[in-house]
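Peer 1: I have a structure here, written as structure tokens, and I will follow up with some questions on it.
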Amino acid sequence: MPIPARLQDLPPNHARLCLKVRDILNDVPDFSPAAPGPHRLCVAFTGGTDSTALLLILRCLAPTMNLRLYAVHLDHALRPESAAEADHCTTFCTELGIPFLVRRTDVAAFAAAHGVGIEEAARACRQAWFSKTLERVRSVEHTS
């Protein structure tokens, strides 16, 4: 069964949740209806339940809010299955037609090289990757 892409295709309780998220976004100046679009939005996507739900909600809102979604994923290379999880995210986003930006970083090596713990290293690597990705997406915005 295909994943609904429009609010009209959702059960009423799911559509109401999407509309609540829309209301929250409408309070953000960059996404308000008065702001010129399209609005490019990078969504941190792990493939877990929370980020999947958020991505699907935003996908349903995208046409009515003039959103251009980008899913962003950092494979921390900390677990043997992390590459397979990144592949799953790639497939999922491809099937949904959402551009997917992924990078694999050896977080353990970064932690050792910088003398920090794994959590701090993972956070620093994510922030660096997401910042770089956001700059890339914004540069596309100014050239299109």
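Peer 1: Which condition from (1) open to solvent by 30 Å² or more (accessible area, probe 1.4 Å); (2) under 19 Å from Thr91 (Cβ atoms); (3) out of contact with any Asp or Glu (no Cβ under 9 Å at 6 or more places or on another chain) is the one that Ile24 breaks?
Peer 2: Status for Ile24: all satisfied but (2).
Peer 1: Let me ask another. Checking His73 against (1) surrounded by 16 or more Cβ atoms within 10 Å (Cβ to Cβ); (2) over 22 Å from Ser131 (Cα atoms), which single condition isn't satisfied?
Peer 2: Checking His73 against (1) surrounded by 16 or more Cβ atoms within 10 Å (Cβ to Cβ); (2) over 22 Å from Ser131 (Cα atoms), the one that fails is (2).
Peer 1: Right, something else. What tally of residues in the range 11-70 results from selecting those that are among the β-branched types (Val, Ile, Thr) and free of Cβ contacts under 8 Å to residues at least 24 places away in the same chain? So that I can check it myself, show each step before the final result.
Peer 2: First, the residues of the range 11-70 that are among the β-branched types (Val, Ile, Thr): 21, 24, 28, 43, 46, 49, 52, 57, 64.
If we keep only those that are free of Cβ contacts under 8 Å to residues at least 24 places away in the same chain too, we end up with 24, 28, 49.
Looking only at that region, the number is 3.
Peer 1: Also: Just give me the residues in the range 4-14 being outside any loop (DSSP other than H, G, I, E, B), under 20 Å from the mean Cα position of the chain (by Cα) and more than 11 Å from Thr64 (Cα to Cα), in sequence order.
Peer 2: Scanning the range 4-14 gives a single hit, His14.
Peer 1: So the check is Cβ under 6 Å with 6+ separation or different chains; which pairs have a first residue in the range 73-86 that's among the charged types (D, E, K, R) and a second one that's surrounded by 12 or more Cβ atoms within 10 Å (Cβ to Cβ) and part of a strand (DSSP E or B)?
Peer 2: Listed pairs, sorted by first residue: Asp75/Arg104.
Peer 1: Next question, about the same structure. Out of (1) free of Cβ contacts under 8 Å to residues at least 40 places away in the same chain; (2) within 17 Å of the chain's Cα centre (by Cα); (3) outside any helix (DSSP H, G or I), what's the single condition that is false for Thr91?
Peer 2: Here Thr91 clears every test but (3).
Peer 1: Let me ask something else. Just to verify a result, which residue in the range 110-138, among those that are touching a residue at least 24 places away in the same chain (Cβ under 8 Å) and over 15 Å from the mean Cα position of the chain (by Cα), is farthest from Leu41 (Cα to Cα)?
Peer 2: Taking the candidates together, the pick is Ile118.
The values are calculated or read from the model by the stated rules, or taken from the named source; none is laboratory data. These figures come from a predicted structure and were not determined experimentally. Cβ: placed from backbone, ideal geometry, glycine included. Neighbour counts: every protein chain shown. These area figures cover heavy atoms from the full protein model, side chains too; ligands, DNA and RNA do not enter into them. Shrake-Rupley method; radii C 1.70, N 1.55, O 1.52, S 1.80 Å.
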